[in-house]
Amino acid sequence: MTPVKPRTLSGIQPTGQLHLGNYLGAMRNWVAQQEKYDNYFCVVDLHAITIPHDPQQLRAATRAVAALYLACGIDLTHATIFIQSHIPAHSQLTWLLMTQTPLNWLEAMTQFKEKSLRQGENVGAGLLNYPVLMAADILLYQPHAVPVGADQKEHIEITRDIARRFNSLYGETFRLPEPLIQKEGARIMSLTDGTKKMSKSDESDLSRINLLDAPDEIQKKIKKAKTDPIRGLTLDPKRPESTNLLTIYALLTSQALESVAQEFAISGWGQFKPKLTDATIAFLEPMQERYRHFTTEPGYLEAILKQGAEKAHALAHETLYQASTNLGLLLPP
Ligand code: ATP
Ligand code: MG
């Protein structure tokens, strides 16, 4: 008998175009480790509506993210791909957990503090409760591990806190998941400001390289990427732009970070940037080709998402049922 594999769950919001940070911090690791786990990857559209959005763009982005999961190498023999809002249990468990989450835990979250600043006076309750929805996303599937980028560590911690509290009050209900964060690529920085992380929601498209960017856009963005006046690239916390671009180059060309740093230790930015441009274009080209294939074949993606939803629903429903029972809700006859 083959032993049952440990389970993972992770997701990405369709808030815009997926970029190299999403790939290097999360998706790359999903693909690299997929054989070791039984994986669940969702497109978290309910999270995307916690910031101002355009309905039509959201629908298109949701489809694009699912297609990029496949294009980056997720293999359906190891993984289930689905859309969060197709499984009502995510919203249902969120309410149950919300009643059990102290308000001050939510107010202290970094993401809430940062993103609510951008929303000014119209901060929605959804942004505050984002971590509870994320806790529900995760806990529903009883995963052992959650592979994410470094910025999501705080969200996994609050998920564990919510689960621990619930289990101690109402009996063992949820597994406490571990964050799975790789050292390299866990925090890819913006091209225009090496102290800020690369983000879908950054207003400037020049700040990121999107996975679907055309070669000329990639060339333009890297050409404009912020540099410093020092000749020779080094891995130095005081030189965030140099460290970031060397990291991207090393990961995209599958080389050790130290050897890449050695190679460019005496090169000028003018020598390094064209090499980074070529490496990025060469790396993304086959992914883009697969993306086009998955999105142009009629019905292909829809069939995968339908199947994914059925499988995810069965698992999620079991946990929702258990949580409802443990809370004392009278189940329908
Ligand atoms: P948004 O700006 O809308 O929050 P985002 O770019 O932060 O978008 P998310 O959907 O919030 O993307 O995160 C998806 C996954 O990508 C998470 O696992 C997150 O940790 C990872 N991730 C996001 N940005 C980076 C980055 N700059 N470097 C490494 N990993 C990242
Ligand atoms: Mg984010």
- Note on the structure: Given unit charges at Cβ for Lys, Arg (+) and Asp, Glu (-), the dipole magnitude of the chain about its Cα centre in debye, nearest 20, is 380
- Could you give the size of the charge dipole of region 192-250 about its Cα centre, using +1 on the Cβ of each K and R and -1 on the Cβ of each D and E, expressed in debye and rounded to the nearest 20? 180
- Rounded if a/c is under 1.5, else prolate if a/b beats b/c, else oblate: with a ≥ b ≥ c from the C-alpha gyration tensor eigenvalues square-rooted, which is the chain? prolate
- Task: Work out how much length residue 77 to residue 99 would gain on full extension: take 0.36 nm times their residue separation and subtract the Cα-Cα distance, in nm to one decimal.
- Result: 4.2 nm
- The correct pair for region 133-211, radius of gyration to one decimal and Dmax as a whole number, both in Å and from Cα atoms, is 15.9, 50
- Message: If I take every Cα pair under 8 Å that is 6 or more residues apart in the chain, average their sequence separation and divide by the length, what percent do I get for the relative contact order?
- Response: 22
- Does region 220-261 come out rounded, prolate or oblate by the C-alpha gyration tensor, with a ≥ b ≥ c the root eigenvalues, rounded set by a/c under 1.5 and, if not, prolate when a/b is larger than b/c and oblate if not? oblate
- If we count other beta carbons within 10 Å of each Cβ, what is the order of 95, 269, fewest first? 95, 269
- Note on the structure: Surpassing 30 Å at the alpha-carbon level, of the pairs 115/311; 115/224; 153/238, are 115/311
- Item | Global form of region 1-97, assessed from the alpha-carbon gyration tensor, a/c cut-off 1.5 | oblate
- Message: Could you work out the pair-distance distribution P(r) of region 149-303 from its alpha-carbon pairs, with 5 angstrom bin width and percents rounded to whole numbers?
- Response: 2, 8, 14, 16, 16, 12, 10, 8, 7, 5, 2, 1, 0
- Message: Taking every DSSP beta bridge with both residues inside the chain, roughly what % is antiparallel (nearest 5)?
- Response: 10
- Query: In which sequence would 231, 187 go, from the one with the fewest C-beta neighbours within 10 Å to the one with the most?
  - Reply: 231, 187
- Query: Hey, fewest Cβ within 10 Å first, where do 173, 234 land in order?
  - Reply: 234, 173
- Item | Electrostatic dipole magnitude of region 176-284 [Cβ: Lys, Arg +1; Asp, Glu -1; Cα centre; debye, to 20] | 240
- Which residues qualify? For residue 80, with a placed amide H closer than 5 Å and at least 5 residues away or on another chain, they are 39, 40, 41
- Message: Which one, 262, 142, 111, has the greatest fluctuation when you compute a Gaussian network model over the chain with C-alpha springs under 10 angstrom?
- Response: 262
- Item | Centroid-to-centroid separation of region 223-288 and region 102-137 [C-alpha atoms, Å] | 35
- Query: Any number yet on Rg/Rh for region 55-153, C-alpha, Kirkwood?
  - Reply: 0.99
- Task: Let me have the relative contact order for region 1-160, percent, based on Cα pairs under 8 Å that are six or more residues apart.
- Result: 32
- Using a cut-off of 10 Å between beta-carbons, work out the net charge of the residues near residue 179 (Lys and Arg +1, Asp and Glu -1, residue 179 not included). -1
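Every number in this text was worked out from the coordinates using simple rules, so none of it is lab data. What you are looking at is a predicted structure, and each value in this text was computed from that prediction instead of being measured. When we count neighbours, we look across all protein chains shown, and the Cβ atoms used for this are built from the backbone with ideal geometry, even at glycine.
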